[in-house]
Structure formats: structure tokens, C-alpha cells
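Data block below; observations after.
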Amino acid sequence: MTVSDTGDLAVRVRGLTRRFGDRAVIDDLDIDIRTGEFVALVGASGCGKSTLLRILADLDHGIDGEVRVPRRRAVAFQAPRLMPWKPVWRNVTLGLPGGDPRRRAEAALAEVGLSHRADVWPKVLSGGEAQRASLARALVRDPDLLLLDEPFGALDALTRIKAQHLVAELWQRRRCAVLLVTHDVEEALLLADRVLVMRDGVIAHAVPVTLERPRRLDDPLFAELRSELLGWLGVGEDIAGRRAA
Ligand SMILES: Nc1ncnc2c1ncn2[C@@H]1O[C@H](COP(=O)(O)OP(=O)(O)O)[C@@H](O)[C@H]1O
Ligand SMILES: [Mg+2]
């Protein structure tokens, strides 16, 4: 793992392999993410998406291959993982180096619309608020690479849409590179510059998303890209349609 802040690439991975026992979950994988690029990663459950994310977050050291990432990285998981015995603002700055934590926590909470929750305990937050607090905890680190592992997966449909809008807005403002793991093809197409399909331990396919922003579900190209991605995921339109119904 090399940490470097230079160049046009936020992430450069070559020949990455991660074995659990004798099974290579990630098997000679390459990936590039440009500085400021928003990339979504989709793939069947268990195909290794979280494993890849954890490696980029430097939370997993049992790897072979070359991994370059920026120094300032932050990660948000599906579960907000807030410490129940610390007020929200303390959770945001937990383990954060540097001074003035209160002011920095307030700025990050303001960015996610949670200023009024700075002093409450995590248990009083709604699911959507807890997820926004988790996002604030990532943003306070001022990341050049933001790693998101199904961050909206546990939210109800309406809260999820709001959270997606928030992430789109934060990214427009900050322009950090983002890697968003999601099982939701529409979410990927609403947010990303490029969607990567992971299969058999590698990036099997990449779909550039040329839709204009803000993205619209009724854009004819949206439907086209959606079926292309579902095809790569081995899910027919009929099955996807039935699931949505
Ligand atoms: N620490 C571990 N030890 C053993 N197997 C693991 C470990 N972490 C992940 N795996 C296995 O690696 C595969 C990929 O897991 P994961 O990256 O979590 O998949 P995804 O996020 O795509 O659903 C799964 O089969 C999982 O059981
Ligand atoms: Mg996962």
C-alpha cells in the first residue's frame, strides 16, 4: 500500500489479489479512479466489493499487488457505527488529529444539515440522521477519497432519496474522488461518472455515465444504461421489474 497525493489519479490499483484461505476473492484486479471522479461499484452479494473498499481504506493488510491511494481518505459504512456514550459532535471528531474539534464538527454537521443535532446522544437520531452523522464524520477529515459502502442500504425509500441528493450535492461542492459501493443500479446511475461491475474477483465491465446532471430517471439513456448494467449483473429486465413492483 502506497500513500501518494500526486498525479491525476486518486486511486491506482494493479494486480490486486486478496485470498481468504485458498480462495481468491479479489484476483488480479486493476482499478483507476481519477482525482475528483465519482465511481460506483456494483456486483452480486459476496463478490468482494466490501473487501476492495476495506483495502482502499487501509483496513486490510493481507494483500498482494500495488495499491496507491491519497493520504486523506475517509469511509462510511452501511451501519453508522456511532458510539452511544458520546454526543453526536464527539462522534464526528473521534480520532481526528488536529485542534479545534468542536468548530470542525459543527462545520461538518452543518454540511449535512445536522447542526441542530450536535449535542444530542446518537440514540435519539433517526436512521437518516445517524447516516448523515456518519457522513459528517467522513467529511470532517476533508478527504481526497471518500469510500462509501452501501451507505443508504438500510434507509427507507424516501430517506434514501434525500441522502442520495445530499451526496450528489456534497460531491459537487467538494469534488473529492468517491467510490460508492451499492447494490442499486439506479443509485449508481443517479450519482456516478462511471459504474464498475465487479465479478469473479475483477472489474468485469465499466460503464461511463454520460447523462447530464442533475440526473433524471425518465431520461431515455438512463433506461439504456440501466439494462446494460442489469445485463452485466446477470439480472434480466423482467426480474428487475418484478422485484421493483
Ligand atoms: N475476513 C474474512 N475472512 C474470510 N472470508 C471473508 C472475510 N471477509 C470477506 N470474506 C469473504 O469474501 C467474500 C466477499 O465478501 P465481501 O467483500 O464482503 O462481499 P460484498 O461486499 O461484495 O458482498 C465473501 O464470500 C466473504 O464471505
Ligand atoms: Mg459488502
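Annotations
- With eigenvalues of the C-alpha gyration tensor scaled by 5 and rooted, the range 22-138, Å: 31, 16, 13
- Summary of the geometry: the range 182-225 and the range 22-40, compared by the centres of their Cα atoms, lie 16 Å apart.
- When only alpha carbons are used to place a centre, the range 71-94 and the range 127-150 end up 8 Å from one another.
- FRET efficiency, 1/(1 + (r/R0)^6) with R0 51 Å, evaluated for VAL235 and ARG71 via beta carbons: 0.85
- Spatially proximal lysines relative to LYS49 (Cα-Cα < 28 Å; intrachain offsets below 8 disregarded): LYS162
- Estimated Rh, the chain: Kirkwood, alpha-carbon pairs, angstrom: 18.7
- Among beta bridges that DSSP assigns inside the chain, antiparallel share in %, nearest 5: 50
- Pairs of alpha carbons in the range 58-204 whose separation is greater than 24 Å (percent): 32
- In order along the range 102-110, the Karplus-derived 3J(HN,Hα) couplings, from 6.51 cos²θ - 1.76 cosθ + 1.60 at θ = phi - 60°, round to 4, 5, 5, 4, 4, 4, 5, 5, 4 Hz, and Gly and Pro are given as x.
- Overall dimensions of the range 138-226 by Cα: Rg and Dmax, Å: 13.3, 38
- Lysines with Cα under 25 Å of LYS86, excluding same-chain neighbours fewer than 8 positions away: LYS123
- Efficiency of FRET between MET1 and ALA223 - r from beta-carbon atoms, R0 45 angstrom, step 0.05: 0.70
- Rounded, prolate or oblate (a/c below 1.5 giving rounded, otherwise prolate when a/b exceeds b/c) for the range 104-172 by Cα gyration tensor: oblate
- Of all the options ASP193, ASP119, ASP22, the one that moves most in a Gaussian network model of the chain with Cα springs shorter than 10 angstrom is ASP22.
- For the range 65-114: rounded, prolate or oblate by the Cα gyration tensor [a/c cutoff 1.5]: prolate
Bear in mind that the values in this text are calculations on the coordinates, not laboratory data. Keep in mind it's a predicted model, so treat the numbers as computed, not measured. Note that each Cβ is placed from the backbone with ideal geometry, even for glycine, and that neighbours are counted across all protein chains shown.
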